[in-house]
Amino acid sequence: MPELPEVETIRLDLLPHVVGRRFTGVEIMPGAEKVVALPSLEEFRRALPGLRIEGIERRGKYLLFPLADGRYLIVHLRMTGALIHRRVGAPAESYLRVRLPLDDKTELRYTDLRKLGMMWLVVDPTLVVGKLGPDALEALQPTTLRSVLDGRRAPVKAVLMDQTRLVGLGNIYADEALFLAGVRPTRPAGSLTADEVERLHGAIGEVLRDAMGHRGSSFSDYVDGEGREGMHQLHVKVYRRSGEPCHVCGTAIERIRLGGRSGHFCPHCQK
Ligand SMILES: [Zn+2]
């Protein structure tokens, strides 16, 4: 699933290619009609052509394309979605669901194995995006993190992944940040000491920046805005490494179940 570094990588990839371009059409492949959540399919097809893309913004894992008429095209990639910029006529990707041709013989292609991703064309993006917690990549302060964790008995990993409290940490980067901070994923969030919160704060920033530096993690379907895989999966310290030796101390990485998801940690380095 694309997490925050992946979505931000796609945003930065697409930015130079699509800003200032106009949509010239909408092609939705048979069976992919449900990708368009709002408005109706007919209205989406009618309204988008002719509109110029004014920028690309990111709110959490939503990509927002402000358009010249004041509306926003919003895309959420969910589990297996990708947004790729291609020349018109370039070979079609597997699971190509939507083509949005632009006025320079290129197009935005939306591909999605599981068809869980969504698009909206709306005036007010908050109707779609809702109220999001602070963004893990944008100037997260130690005090903000403290207030996210304080008083909570739930496992720290679950709290870190709760998108209403903190936006942008999923399974991969929560595991990695907790390893770097030396904190076990099962610890009650409110039990972290001031030092641990400080370390965790630094670790979140470091992990997300590292992942961006490697253009995201491609454990399954993720590709960037030009259809290439990321490289960060080769650099993870604990995620999906259960049974393999910790890079720091050599102890075997363990895997636990945690609220329906798995967590990976080093039983020696993480307290
Ligand atoms: Zn270790």
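Numerical summary
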{"item": "Selection status of G133, open to solvent by less than 40 Å² (accessible area, probe 1.4 Å), part of a loop (DSSP other than H, G, I, E, B) and farther than 28 Å from R241 by Cα", "result": "yes"}
{"item": "So R199, is it farther than 30 Å from I84 by Cα, more than 16 Å from the chain's Cα centre (by Cα) and either open to solvent by 50 Å² or more (accessible area, probe 1.4 Å) or within 13 Å of the ligand (Cβ to nearest atom) (or both)", "result": "yes"}
{"item": "Unique match (being of a type in the set (A, V, I, L, M) and under 30 Å from D13 (Cβ atoms)) among V223, V197, V183, V248", "result": "V223"}
{"item": "Total residues in region 256-271, condition modelled with pLDDT of 95 or more and either within 23 Å of the chain's Cα centre (by Cα) or on the phi > 0 side of the Ramachandran plot (or both)", "result": "2"}
{"item": "Close pairs (7 angstrom Cβ cut-off, 6 or more residues apart or separate chains): open to solvent by less than 60 Å² (accessible area, probe 1.4 Å) in region 114-128, assigned to a helix (DSSP H, G or I) and among the small types (G, A, S) anywhere", "result": "L121/A47"}
{"item": "Pairs where the first residue, in region 42-56, is more than 13 Å from L121 (Cβ to Cβ) and the second is of a type outside the set (S, T, N, Q) and open to solvent by less than 50 Å² (accessible area, probe 1.4 Å), C-beta under 6 Å, 6+ apart", "result": "E54/P66; G55/P66; I56/R11; I56/L14; I56/F65"}
{"item": "Scan of region 176-232 for residues that are aliphatic (A, V, I, L, M) and either assigned to a strand (DSSP E or B) or farther than 27 Å from R146 by Cα (or both), ordered by number", "result": "V223, M231"}
{"item": "Residue in region 140-155 that is in contact with a His (Cβ under 6 Å, 6 or more places away or on another chain) and closer than 20 Å to Q270 by Cβ present", "result": "yes"}
{"item": "Tabulated pairs, region 81-92, first farther than 21 Å from S220 by Cα, second in a loop (DSSP other than H, G, I, E, B) and open to solvent by 10 Å² or more (accessible area, probe 1.4 Å), C-beta under 8 angstrom, 6+ apart or interchain", "result": "R86/G227; R87/K105; V88/K105"}
{"item": "Conditions (1) open to solvent by 10 Å² or more (accessible area, probe 1.4 Å); (2) farther than 24 Å from M212 by Cα; (3) free of Cβ contacts under 8 Å to residues at least 24 places away in the same chain: number failed by A139", "result": "(2)"}
{"item": "Residue satisfying all of: in region 113-158; acidic (D, E) and at pLDDT 95 or above; farthest from G81 (Cα to Cα) among these", "result": "D150"}
{"item": "Inter-residue pairs, beta-carbon under 9 Å, first within 14 Å of L180 (Cβ to Cβ) and in region 254-271, second within 15 Å of the ligand (Cβ to nearest atom) and aromatic (F, W, Y), 6+ apart", "result": "H264/F179; H264/Y239; F265/F179; C266/F179; C269/F179; Q270/F179"}
{"item": "Hey, L145 open to solvent by 30 Å² or more (accessible area, probe 1.4 Å) and among the hydrophobic types (A, V, I, L, M, F, W, C) or not", "result": "no"}
{"item": "Single residue of region 211-239 satisfying the filter (within 16 Å of the ligand (Cβ to nearest atom) and touching a strand residue (DSSP E or B) at 6+ places or on another chain (Cβ under 8 Å)) that is least open to solvent (accessible area, probe 1.4 Å)", "result": "V238"}
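Okay, residues lined up against (1) open to solvent by less than 70 Å² (accessible area, probe 1.4 Å); (2) of a type outside the set (D, E); (3) under 18 Å from the mean Cα position of the chain (by Cα):
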residue: D13; (1), (2), (3): yes, no, yes
residue: P16; (1), (2), (3): no, yes, no
residue: V26; (1), (2), (3): yes, yes, no
residue: P39; (1), (2), (3): yes, yes, no
residue: I56; (1), (2), (3): yes, yes, yes
residue: L63; (1), (2), (3): yes, yes, yes
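The values are calculated or read from the model by the stated rules, or taken from the named source; none is laboratory data. A quick note: this is a predicted structure, and the numbers were derived from the prediction, not measured. Virtual Cβ from ideal backbone geometry, glycine too; neighbours counted across all protein chains shown. Surface accessibility is based on the protein's heavy atoms, side chains included, excluding ligands, DNA and RNA. Shrake-Rupley method; radii C 1.70, N 1.55, O 1.52, S 1.80 Å.
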